[in-house]
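Since every read-out is calculated from the coordinates, none of them should be taken as a lab result. On a predicted model such as this, the values are computed, not experimentally measured, just so you know.
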Amino acid sequence: MTALAEFKGVSFAYRESAKGRPPFSLRELSFALAPGEVLGLIGPNAAGKTTVIRLLSRVLHPSGGVILIDGESVESLGRVAVARRIAVVPQDVPQGFPYTVEQLVLMGRFPHAPARFFESREDLRIARDAMALTGVEALAVEPLDRLSGGERQRVVLARALAQQPRLLVLDEPTAHLDLRYQAECVALLRRLNRDQGLGILLVSHDLNLAAEVSDRLLLLAGGAAVKLGTPDDVLQESLLETVYGCRVVVDKHPATRRPTVSVLWPDGR
């Protein structure tokens, strides 16, 4: 089976910073994401998670190795072709856009007809379905600037779904959501994965969220892969303590039996 996305010995280095600090580099990273798989990308700050997203979406270009989408090199595909297959939901939700919710979601249809100036009835149907899935259909005519951070996050997710991608890349998808919408977001991701076979790359600092929804986890640190495997394989106390530099306890969720990670605070009793 051809991988939905694959990194083969991918390397990349940023230029040296103005302050003279050593530039961050990604070193010979290799992993594959199968069709219909949920892969959680975890690791501490400056591990390389955002760089992986930028390389996969063709914002950055590797200095070594190959990135494949459906067996084709990303470098051989135009950005529009990449956008038909991969949709990215960024961590930072844009503000100051003079558009309504529906207008922003309709922008997700651009890769399917980049030369067209006006949306079709089919575009409108797909956009409204995406808004219904994410629970923002009642906000369709609202200006983006009037929305809360959590509402904007769900609108951007709707725009990504309107692209009808095969791979959905989520960068901290629950960062701006309260508990209710976190739960709804997790339920939606599971439903999209189960019912539509959508591949998902979940980038998250929330180890418990990643463990709950992912088939496998890829743990990064310092621009290199530390371990790739099931949540039970990767979320080991000794390994996490080494990578994150703090004491943790790994237990089992009482309902799902997935691993859960808790920090042992230094001044705890």
Original post:
Nearest 10 degrees, 0 to 90: what angle lies between the long axis of helix 179-196 and the longest principal axis of the chain (Cα atoms)?
Top reply: 80
**OP:** With a bin width of 5 angstrom, please list the P(r) values of the stretch 85-231 as percents of all Cα-Cα pairs, from the 0 bin to the one holding the largest distance.
**Re:** 2, 9, 18, 22, 20, 13, 8, 5, 2, 0
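Can you pull the Rg over Rh of the stretch 21-144, Cα-only, Kirkwood? List each step's numbers first, then the result.
Values: Rg = 17.4 Å, Rh = 17.2 Å.
Dividing the radius of gyration by the Kirkwood radius yields 1.01.
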Subject >> Potential extension, SER238-SER262 segment - 0.36 nm per residue separation minus Cα distance >> reply: 7.3 nm
Original post:
Relative to the longest principal Cα axis of the chain, at what angle does helix 121-134 sit, 0 to 90 degrees, rounded to 10?
Top reply: 40
Original post:
Cα-based Rg (one decimal) and Dmax (whole number) for the chain, in Å?
Top reply: 19.1, 63
Subject >> P(r) histogram, all alpha-carbon pairs of the stretch 187-269 included - 10 Å bins from 0, percent >> reply: 16, 47, 28, 8, 1
